[in-house]
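Questions regarding the structure given below will be posed in turn.
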């Protein structure tokens, strides 16, 4: 048997378990794994030189495909560069299989090159970390390798999905003999893991139905989640039958439900205390991951419900609103389907239920007209451009939102119910700016759909190596909101009052996207006057085979003023 046969067979096992994508970072110590995946006929392997960017690209691929992506790097600091994406994947529950090549164990702490302490390098931010045996030709070790990889792939896909790390020490020589080509064994053991189907007993279900029937003010709040058509239908049915208001920000992907409350973040920030008190739920039902809105979180922490039920099929449940009373360990679709027919004992209670729904509906309608008026004004600013871009999106596309002001702008604008084909993504697991572009590139590499990223300048330039590869991404469109710094630090309390704000918080910078476009051979479009906006956006969304980047350069003072004007516009509604 070839020396590296059991390592080559890792690629074969991955393929047999449904994995079709691998991201390989250059390096010598990882050569056995690189050759295994690069030469496998049924796995698409791509190479990327920047490990930090590569890991986020792999995350984007997994998020788009729903399957684990293999990620490979050499030994030493290369493995640490995967860490930001590994943490993001962990908190977003995205499956990754991470192979970090390593030096033999005895060389750790011996001042040997590219040798660091790699065991458990990702700590608590992976579901589990494994170590391959150092010798590969002995039968028990071959069995052990197969068992580890089987277990890792199964674990990555069990709820909650997430990253799994396999540290892989290799001895030299690392390359095959002259003329030797990687081949894959025909008989490889595959260990299947049946999916865990969580349900609740009939007694527990009856108890929930009874409790639900005794609450007139039931509020549903959705966190970040991928688009799920079956879930949408079950929620729609539940909310209609129960007259329950549904609050979902732009990342909840519930915008296609006509009566969903999309702008709670906007009106809760300005509503009077009496209005907030009237909106207080008796029962709060939540599902999904993180919620963008600070206003929603503060509202529910102040105006606490009598009970808070969180729905998820397993794993750790956060107490975001500081009032968690019940964890219901089932799929949200099952919960809403099973309890949608629950009835109140009296017409009076049914009327209270309907009135509560209307209270939320009134606030959503109350701000609709002033918002329309604000965005209809001709202004060359970031918030208005985000509104125009979202209004102009292709019927079916993926909308990606970078962190900081970009995702907040988009949450203010929202996505209309009619735009059912728009699926929204953002790196809100850790909410960092470091891999927003790379994650979008990962989606674009395996999806023919238009992928549109709205990003600020700091996030964009921080992650410029997302484009440092040899692969075409003609379906990628990037909107760069370039105010030459981290404008959010001019909008939150604290930094703006400091004399050191410009240098140490906002971190002013002078870059533009034009030079980057020339470097990577992308089409560059710029908006620098109002007359060009609509035609430029139309050209931007013309998909004729090239990556396009649209940039708007505006001053921080202007954008802060426009944002303040927006808040003032909404505030006036509640002062009238």
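Where residues in the range 74-103 are assigned to a loop (DSSP other than H, G, I, E, B) and out of contact with any strand residue (DSSP E or B) (no Cβ under 8 Å at 6 or more places or on another chain), which of them is surrounded by the fewest Cβ atoms within 10 Å (Cβ to Cβ)?
Pass one, the range 74-103, residues assigned to a loop (DSSP other than H, G, I, E, B): 74-76, 81-82, 93-95, 103.
Next cut, out of contact with any strand residue (DSSP E or B) (no Cβ under 8 Å at 6 or more places or on another chain) only: 76, 93.
Working: 76: 20, 93: 18.
Within the range 74-103, the match that is surrounded by the fewest Cβ atoms within 10 Å (Cβ to Cβ) is 93.
Here are 403, 398, 411: which of them is under 27 Å from residue 44 (Cβ atoms), in the same structural domain as residue 559 (by TED's automatic domain parsing) and either in contact (Cβ under 8 Å) with a residue 24 or more places away in the chain or outside any loop (DSSP other than H, G, I, E, B) (or both)?
Values: 403 fails: under 27 Å from residue 44 (Cβ atoms); 411 fails: under 27 Å from residue 44 (Cβ atoms).
Unique residue meeting the criteria: 398.
Out of the residues in the range 14-47 that are touching a strand residue (DSSP E or B) at 6+ places or on another chain (Cβ under 7 Å) and part of a helix (DSSP H, G or I), state the one that is surrounded by the most Cβ atoms within 10 Å (Cβ to Cβ). First the steps, then the outcome.
Of all residues in the range 14-47, those touching a strand residue (DSSP E or B) at 6+ places or on another chain (Cβ under 7 Å) come to 14, 19-27, 29-30, 33-34, 37-38, 43-47.
Filter again for part of a helix (DSSP H, G or I), leaving 14, 33-34, 37-38.
Values: 14: 25, 33: 27, 34: 25, 37: 25, 38: 17.
In this case the residue turns out to be 33.
Give 460, 520 a once-over and let me know the one that is modelled with pLDDT of 95 or more and more than 23 Å from residue 388 (Cβ to Cβ). Working first, answer last.
Working: 460 fails: more than 23 Å from residue 388 (Cβ to Cβ).
Going through 460, 520 in turn, just one is modelled with pLDDT of 95 or more and more than 23 Å from residue 388 (Cβ to Cβ): 520.
Related question: For the range 6-41, how many residues are farther than 26 Å from residue 141 by Cβ and in contact with a helix residue (DSSP H, G or I) (Cβ under 7 Å, 6 or more places away or on another chain)?
The initial filter retains those residues of the range 6-41 that are farther than 26 Å from residue 141 by Cβ, namely 20-21, 23, 26, 41.
Filter again for in contact with a helix residue (DSSP H, G or I) (Cβ under 7 Å, 6 or more places away or on another chain), leaving 21, 23.
Going through the range 6-41 one residue at a time, the tally reaches 2.
If a residue must be part of a loop (DSSP other than H, G, I, E, B) and closer than 21 Å to residue 91 by Cβ, how many such residues does the range 128-173 contain? Explain how you work it out, then say what you get.
Our first condition is that a residue be part of a loop (DSSP other than H, G, I, E, B); within the range 128-173, this holds for 128, 132-138, 158-162, 170-173.
Pick out the ones that are also closer than 21 Å to residue 91 by Cβ and you get 128, 158-162.
The number of residues fulfilling the criteria is 6.
Limited to the range 514-552, what total is found for residues that are on the phi < 0 side of the Ramachandran plot and either outside the structural domain of residue 399 (by TED's automatic domain parsing) or not in a strand (DSSP E or B) (or both)?
Step one: of the range 514-552, the residues on the phi < 0 side of the Ramachandran plot are 514-520, 522-544, 546-552.
Filter again for either outside the structural domain of residue 399 (by TED's automatic domain parsing) or not in a strand (DSSP E or B) (or both), leaving 514-520, 522, 528-544, 546-547.
The total comes to 27.
Restricting to the range 193-239, give me the number of residues that are in contact (Cβ under 8 Å) with a residue 24 or more places away in the chain and more than 27 Å from residue 290 (Cβ to Cβ).
Residues that pass the stated criteria total 6.
Being within 18 Å of residue 294 (Cα to Cα), more than 11 Å from the chain's Cα centre (by Cα) and surrounded by fewer than 22 Cβ atoms within 10 Å (Cβ to Cβ) narrows it down to one of 421, 414, 429, so name that one. Explain how you work it out, then say what you get.
Values: 421 fails: within 18 Å of residue 294 (Cα to Cα); 429 fails: more than 11 Å from the chain's Cα centre (by Cα).
After ruling out the rest, the residue left standing is 414.
Identify, from the list 333, 353, the residue that is within 29 Å of residue 202 (Cβ to Cβ), part of a helix (DSSP H, G or I), in contact (Cβ under 8 Å) with a residue 12 or more places away in the chain and over 25 Å from the mean Cα position of the chain (by Cα). Talk me through it step by step, then tell me what you get.
Details: 333 fails: over 25 Å from the mean Cα position of the chain (by Cα).
When all the criteria are applied, what remains is 353.
Restricting attention to the range 457-475, does a residue exist that is closer than 24 Å to residue 260 by Cα, in the same structural domain as residue 389 (by TED's automatic domain parsing) and assigned to a loop (DSSP other than H, G, I, E, B)?
Initial filter on the range 457-475 (closer than 24 Å to residue 260 by Cα): none.
No: zero hits.
The values are calculated or read from the model by the stated rules, or taken from the named source; none is laboratory data. Not measured: the values here are computed from a predicted model. Here Cβ is always computed from backbone atoms with ideal geometry, including for glycine, and neighbour counts include all displayed protein chains.
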